[in-house]
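Taken together, the values in this text are just the output of simple stated rules run on the coordinates, not laboratory data. All figures in this text were calculated on a predicted structure; none of them were measured in a lab. No Cβ is skipped: glycine too gets one built from the backbone with ideal geometry, and neighbour counts run over all protein chains shown.
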Amino acid sequence: MTSDKVFKFCHQFLFSFLITAGSALWSAGSVAQTSVWEISKGESKIYLAGTIHLLRQQDYPLPAAFEQAFEASQSLYFETDIGAMSDIGLQQRMLQQLTYQDGRTLSAVLSAEAYAALSEYAAGSGIPLGMLQTFKPGLLISTLSVMEFQKLGFTPQGVDAYFFSRALGAGKSTGELESINEQIAMLASMGEGYESDFVLYSIRDFAELRGAIETMVQAWREGDTDLLYSEFVEPMLTETPDLYESILVERNANWMLTIEAMFDSDATEFVLVGVAHLVGEHGLITQLEDKGFEVTQLGTN
């Protein structure tokens with residue numbers, strides 16, 4: 001696998017992993033809301049939107065509220081610097097940090113049960129396990145996740161990439177909530193200390209992915225926060241609490257500092273993050289409400 005492909009997989013890892021966390025899913029009822037919120041404090045406001053990092057062509061056009069927020073904003077903020085993806089030096093550094101450099105391999109790191117499950121999965125998917133042996137768990141699972149989504153017609157042209165291109169074309173400024181280095185470090189440490197549980201948990205959910213897709217996309221389009229939490233976030237909290245803490249709780253707390261500072265600006269910002277970051281007790285929406293901000297979920301009209 002070339003380093004540029006590995007980098008692309010890594011960049012897309014977050015939501016592609018999170019949305020495999022559900023088990024048996026059910027169809028949400030139709031509601032006239034979206035995954036876009038207007039957050040205000042006095043005369044200042046920002047827009048906050050939940051995104052899916054990978055989408056299919058059939059998932060466009062996006063709900064109109066996304067376009068409304070884009071047109072009303074002067075700058076856009078993403079989880080990290082999307083524009084840095086093409087930097088060859090960064091790609092090489094990522095590959096070095098996300099693979100074992102001390103002689104360890106997955107066959108040595110994982111338990112017999114986890115390695116057997118991984119071997120069976122790789123054989124069934126036609127993936128040579130030898131090419132993944134030095135991958136750390138974060139890179140392993142993010143790579144396999146994106147491969148699964150690609151089988152179902154998803155591409156890296158998700159909501160984030162779409163609006164990053166739109167922002168450049170419209171001359172709007174862009175920013176990020178965390179650096180590329182922070183994302184690399186998070187991915188490199190993912191599953192550390194509970195590698196086998198992490199791999200077993202992920203492989204189990206790959207089997208349920210196809211049945212979850214339509215419900216996942218529908219819940220995102222309709223801003224169904226209860227369903228998004230109960231089926232795609234709560235299982236991670238229950239089964240891999242360390243992962244929940246590192247991916248959602250810690251990052252959301254850090255992001256809140258940047259988001260709150262936006263209300264001191266004269267500009268209107270449009271903040272786009274994976275929708276899993278918005279829902280639940282530790283989600284950005286709840287945190288903003290708890291801090292006294294006025295939070296309004298935008299409808300489809």
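Which length gain, in nm to one decimal place, applies between residue 151 and residue 92 when the Cα-Cα distance is subtracted from 0.36 nm times their residue separation? List each step's numbers first, then the result.
Numbers: separation 59, 0.36 × 59 = 21.24 nm, distance 2.63 nm.
18.6 nm is the gain from fully extending residue 151 to residue 92.
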Listed residues 219, 122, 276; largest mean-square fluctuation, Gaussian network over the chain with Cα springs below 10 Å, found at 122
As a footprinting exposure proxy, order 172, 136 by other Cβ within 10 Å, with the fewest listed first. 172, 136
What is the chain's relative contact order, in percent, from Cα pairs under 8 angstrom and six or more apart in sequence? 40 percent
Relative packing of peptides 42-49, 89-96, 139-146 - highest average C-beta neighbours within 10 Å first: 139-146, 42-49, 89-96
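What fraction of the Cα pairs in segment 154-301, stated in percent, has a spacing above 27 angstrom? Mind dumping the intermediate values first?
On the way: 3105 of 10878 pairs.
Here the long-distance tail beyond 27 Å is 29 percent of all Cα pairs in segment 154-301.
If neighbour count is taken as other Cβ atoms inside 10 Å, put 278, 168, 110 in order from fewest to most.
By the 10 Å Cβ count, ascending, the order reads 168, 110, 278.
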The set of residues whose placed amide H lies less than 5 Å from the amide H of residue 300, leaving out same-chain residues fewer than 5 positions away, is 33
Surrounding net charge for residue 250, when Lys and Arg each add one and Asp and Glu each subtract one, Cβ distance under 13 Å: -3
Principal axis extents for segment 19-149, Cα atoms only, whole Å, descending order, please. 57, 41, 29
Obtain the nm distance between the two label points defined at residue 242 and residue 64 by a simple spin-label model: each point lies 7 Å from its Cα along the Cα-to-C-beta direction. 4.8 nm
To the nearest 10 degrees, the tilt of helix 195-206 (Cα long axis) against the first principal axis of the alpha carbons of the chain is 70 degrees
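R0 = 25 Å: FRET efficiency of residue 44 with residue 300, Cβ-based, nearest 0.05?
Working: r = 26 Å, r/R0 = 1.02.
Here the calculated transfer efficiency is 0.45.
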Gain in span if fully extended, residue 127 to residue 107, counting 0.36 nm per residue against the direct Cα distance: 5.7 nm
